[in-house]
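Below is one structure; the comments refer to it alone.
The values are calculated or read from the model by the stated rules, or taken from the named source; none is laboratory data. As the structure is a prediction and not an experimental result, all values here were calculated from the model. With ideal geometry, Cβ positions are generated from the backbone for all residues, glycine too; neighbour counts draw on all protein chains shown. Just the protein is used for accessible areas: all its heavy atoms, side chains included, with ligands, DNA and RNA removed. Shrake-Rupley method; radii C 1.70, N 1.55, O 1.52, S 1.80 Å.
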Amino acid sequence: MEPPMDPSGGEQEPGAVRLLDLPWEDVLLPHVLSRVPLRQLLWLQRVGPQIPRAALAWLLRDAEGLQELALAPCHEWLSDEDLVPVLARNPQLRSVALAGCGQLSRRALGALAEGCPRLQRLSLAHCDWVDGLALRGLADRCPALEELDLTACRQLKDEAIVYLAQRRGAGLRSLSLAVNANIGDTAVQELARNCPELQHLDLTGCLRVGSDGIRTLAEYCPALRSLRVRHCHHVAEPSLSRLRKRGVDIDVEPPLHQALVLLQDMVGFAPFVNLQV
């Protein structure tokens with residue numbers, strides 16, 4: 001039996017044909033994809049970002065009962081007109097990934113919040129259109145929200161995160177606010193006081209976050225497992241030490257460890273030092 005074709009576009013033998021290289025209108029749509037279960041169709045969509053807009057619309061035109069929707073590979077062209085009808089037909093969606101979908105607007109997020117009350121996981125990473133008003137609607141209408149990725153949503157400021165924490169903090173388990181210089185200690189402290197179940201927090205590149213916010217996290221977030229504070233230049237080691245002692249995974253090494261690594265790089269060895277704090 002011949003090995004299966006690789007739909008993802010990975011390495012293959014010269015002359016081999018990939019499934020998604022076949023003609024869409026003449027072969028794939030009428031003779032192949034119309035007979036493939038929806039779960040497999042969406043998998044193909046994830047690994048094959050070259051699927052045309054019309055093809056995706058055809059695949060999802062009658063889709064109902066979806067619980068997961070990953071449309072990040074469509075980020076170059078996905079619009080409100082493409083997404084909103086799909087959301088309206090699938091109120092039981094629990095996980096939606098829209099990372100990098102810059103052609104969407106507040107309308108799409110409003111439709112998601114209004115029509116999908118069971119939503120638990122949402123990725124809006126690198127969606128520059130997400131602002132405080134859009135996030136407020138999400139916080140008001142998604143009571144089951146547990147995981148939220150707001151990486152590089154640079155319009156968001158402390159006030160928006162404070163509102164999110166107050167409205168949905170009790171259920172939040174994972175949150176990324178990375179690469180947003182508008183986020184500071186005010187937002188982090190409010191998250192700490194309202195998110196007792198928070199396990200993962202990414203503050204990478206949040207230049208206004210300082211030690212006060214981290215100390216509040218250590219005091220109020222007993223469930224915290226991982227914290228990302230790389231490039232948070234105002235976060236000092238004393239504020240992190242309490243979290244380290246609890247076993248929280250932190251992406252910034254203690255200063256002594258950094259010094260030993262530098263010494264080893266320079267001279268090829270490191271002296272024996274007791275690293276216990």
Self-check item: Filter result (open to solvent by 30 Å² or more (accessible area, probe 1.4 Å) and over 16 Å from residue 172 (Cβ atoms)) within the range 133-150
Solution: 133
Quiz item: Can you name the number of the only condition in (1) hydrophobic (A, V, I, L, M, F, W, C); (2) part of a loop (DSSP other than H, G, I, E, B); (3) over 14 Å from residue 87 (Cβ atoms) that residue 139 fails?
Solution: (2)
Self-check item: The lone exception for residue 134 - which of (1) under 20 Å from residue 54 (Cβ atoms); (2) not in a loop (DSSP other than H, G, I, E, B) it fails
Solution: (1)
Exercise. Can you work out which of the residues in the range 55-99 that are open to solvent by 10 Å² or more (accessible area, probe 1.4 Å), in contact with a strand residue (DSSP E or B) (Cβ under 9 Å, 6 or more places away or on another chain) and in a loop (DSSP other than H, G, I, E, B) is modelled with the lowest pLDDT?
Key: 67
Quiz item: In the range 129-185, what residues are small (Gly, Ala, Ser) and within 19 Å of residue 223 (Cα to Cα)?
Solution: 144, 165, 169, 170, 171, 174, 176
Quiz item: How many residues are in a loop (DSSP other than H, G, I, E, B) and more than 14 Å from the chain's Cα centre (by Cα) when one looks only at the range 144-179?
Solution: 5
Quiz item: In this structure, does residue 195 turn out to be touching a helix residue (DSSP H, G or I) at 6+ places or on another chain (Cβ under 7 Å) and either open to solvent by 20 Å² or more (accessible area, probe 1.4 Å) or of a type outside the set (Ser, Thr, Tyr) (or both)?
Solution: yes
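Can you tell me which residue in the range 113-131 is most open to solvent (accessible area, probe 1.4 Å), limited to those that are assigned to a loop (DSSP other than H, G, I, E, B) and either touching a strand residue (DSSP E or B) at 6+ places or on another chain (Cβ under 8 Å) or touching a residue at least 60 places away in the same chain (Cβ under 8 Å) (or both)?
The selected residue is 120.
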Quiz item: Taking the range 71-93, which residues are within 19 Å of the chain's Cα centre (by Cα) and acidic (Asp, Glu)?
Solution: 76
Exercise. Considering only residues that are over 17 Å from residue 156 (Cβ atoms) and within 18 Å of the chain's Cα centre (by Cα), look in the range 198-212 and name the one that is least open to solvent (accessible area, probe 1.4 Å).
Key: 198
